[in-house]
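The values are calculated or read from the model by the stated rules, or taken from the named source; none is laboratory data. Fair warning: this is a prediction, and the values are worked out from it, not measured in the lab. Ideal geometry is used to build each Cβ from the backbone, glycine not excepted, and the neighbour counts take in all protein chains shown.
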Amino acid sequence: MYTQALDSPGGAAAADAHERERLERFQERIDRDEKIEPKDWMPEAYRQTLIRQIAQHAHSEVVGMLPEGNWITRAPSLRRKVVLIAKVQDEGGHGMYLYSAAETLGVSRGELIEQLLSGRAKYSSIFNYPTLTWADIGAIGWLVDGAAIMNQIPLCRCSYGPYARAMVRICKEESFHQRQGYEIMLTLSRGSAAQRAMAQDALDRWWWPSLMMFGPSDAHSVHTAQSMRWKIKRFSNDELRQKFIDVTVPQAEFLGLAVPDPDLRWDESAQHYVPGPIDWSEFHAVLKGEGPCNRERLEARHAAHEAGRWVREAAAAFAEKHQEPLRAAQAG
Ligand code: FAQ
């Protein structure tokens, strides 16, 4: 009936009006702060934006296990090793909740992983930097998890229900991660001169990439305006970056470490720290695959995918075996 109506010019106009009305009703639900659930009608562009963001987020969690995984065997004490293993496992778990949230939008986990392995999907730029010393594990917890929390707390209020609910648990775990990182930095900064130097060196290398995690400046962010209208994002990239800087600079001061930005200054009237310019050419190079560890990260994911093939095949065979009696019962 509906397609027949489209055959006439009047029918096409009616279909347009119907579509506009659906879009308006959808936006009204968003404006009332209602959660959108998987079976609700949603504009295709809303669905695609969520798949893109949630998948990029899931890939980031999974690839994000690699820089820290590098230090599990070299953690300086049993306690540090146990905590680091727990943290890295948490990141894997976050990836799994996020892939599940993406699957509610009609895309399969296999498809998303294939996009990551083929290099078509993005993951956070930050995970393309190397972890050279133990202090990097402190800096990742403090700065990278700190930036992740700043970005992700507002996502707990995201308009899409499954993503928002996944973020509640993820944020609780991220705050533990941030504290373990800060504790490592505190220990090093209260330690020997060599340990303090190691902490400073880690801050020097992780500061700017952490600021880049928030994405391009608002002037260059292609998705922010629409994502904010849909309440997928609640703050712009620059707003969140500013909040992170304001919270983190005093933490660096408490550690007795210097933020590696000669232009950084406190603006009394604005009540904000004003940073120097970010080198966006570095960000774009990392996104193009030219960061220090892009190749290594993808190779590690390929190797893990191959190593896990037998597990996926065994799980599929097991599931199939349990389907057989069911099918026989239904046929009988
Ligand atoms: N890296 O228009 P916008 C973590 C891309 S999880 C790579 O501003 P949007 C936990 C963007 O996708 C860290 N690509 O885009 C952990 C888009 O590309 P496209 C990840 C980036 O989506 C801690 C293009 O640039 N967190 O750390 C980056 O509105 C420790 C234009 O950008 C999330 O994913 C980047 N940094 O805003 C794990 C949070 N920034 O698709 C282990 C959820 C931007 O057009 C250890 N995501 N791009 O080709 C978000 O909040 C948003 O997606 C943003 C980007 C803010 C990342």
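Side notes on the structure shown:
- Pair list, Cβ < 9 Å and 6+ apart or interchain, from the stretch 217-234 residues that are within 13 Å of ALA164 (Cα to Cα) to residues that are assigned to a helix (DSSP H, G or I) and among the acidic types (Asp, Glu): LYS231/ASP31
- Meets criteria (free of Cβ contacts under 8 Å to residues at least 60 places away in the same chain and away from the ligand (no atom under 11 Å from the Cβ)) for ARG169: no
- Taking the criterion of being within 13 Å of the chain's Cα centre (by Cα) and either of a type outside the set (D, E, K, R) or in a helix (DSSP H, G or I) (or both), the residues of the stretch 103-134 that qualify are ALA121, TYR123, SER124, SER125, ILE126, PHE127.
- Among the residues of this structure, VAL82 does not count as one that is near the ligand (Cβ under 10 Å from one of its atoms), of a type outside the set (S, T, N, Q) and assigned to a helix (DSSP H, G or I).
- Screening SER269, SER281 for residues that are among the hydroxyl-bearing types (Ser, Thr, Tyr), in a helix (DSSP H, G or I) and either within 20 Å of ASN128 (Cβ to Cβ) or without any contact (Cβ under 8 Å) to a residue 24 or more places away in the chain (or both) leaves exactly one candidate, SER281.
- Residue selected from the stretch 30-50 under the condition outside any loop (DSSP other than H, G, I, E, B) and touching a residue at least 40 places away in the same chain (Cβ under 8 Å), by the criterion surrounded by the fewest Cβ atoms within 10 Å (Cβ to Cβ): ALA45
- Residues of the stretch 30-77 classified as more than 16 Å from the ligand (Cβ to nearest atom), of a type outside the set (Gly, Ala, Ser) and within 19 Å of ALA135 (Cβ to Cβ), total: 3
- Considering the stretch 219-266, the residues that are in a helix (DSSP H, G or I) and touching a strand residue (DSSP E or B) at 6+ places or on another chain (Cβ under 7 Å) include one that is surrounded by the most Cβ atoms within 10 Å (Cβ to Cβ), namely ILE245.
- Failed criterion for GLY93 (all others in (1) more than 25 Å from PRO43 (Cα to Cα); (2) crowded, with 17+ Cβ neighbours inside 10 Å; (3) under 15 Å from the mean Cα position of the chain (by Cα) hold): (2)
- Close pairs (7 angstrom Cβ cut-off, 6 or more residues apart or separate chains): free of Cβ contacts under 8 Å to residues at least 24 places away in the same chain in the stretch 51-79, of a type in the set (Lys, Arg) anywhere: ILE72/LYS81
- Cβ pairs under 9 Å, 6+ apart, first in the stretch 125-145 and under 16 Å from ASP201 (Cβ atoms) and near the ligand (Cβ under 7 Å from one of its atoms), second assigned to a helix (DSSP H, G or I) and of a type in the set (Asp, Glu): ILE140/GLU68
- Qualifying residue in the stretch 8-17 (condition: modelled with pLDDT under 95 and in a loop (DSSP other than H, G, I, E, B)): yes
- In the condition set (1) at pLDDT below 95; (2) under 30 Å from GLN251 (Cβ atoms), GLU324 is compliant with all but (2).
- Among the residues making up the stretch 145-158, those that are surrounded by 24 or more Cβ atoms within 10 Å (Cβ to Cβ) and either over 11 Å from PHE244 (Cβ atoms) or modelled with pLDDT under 95 (or both) are ASP145, CYS158.
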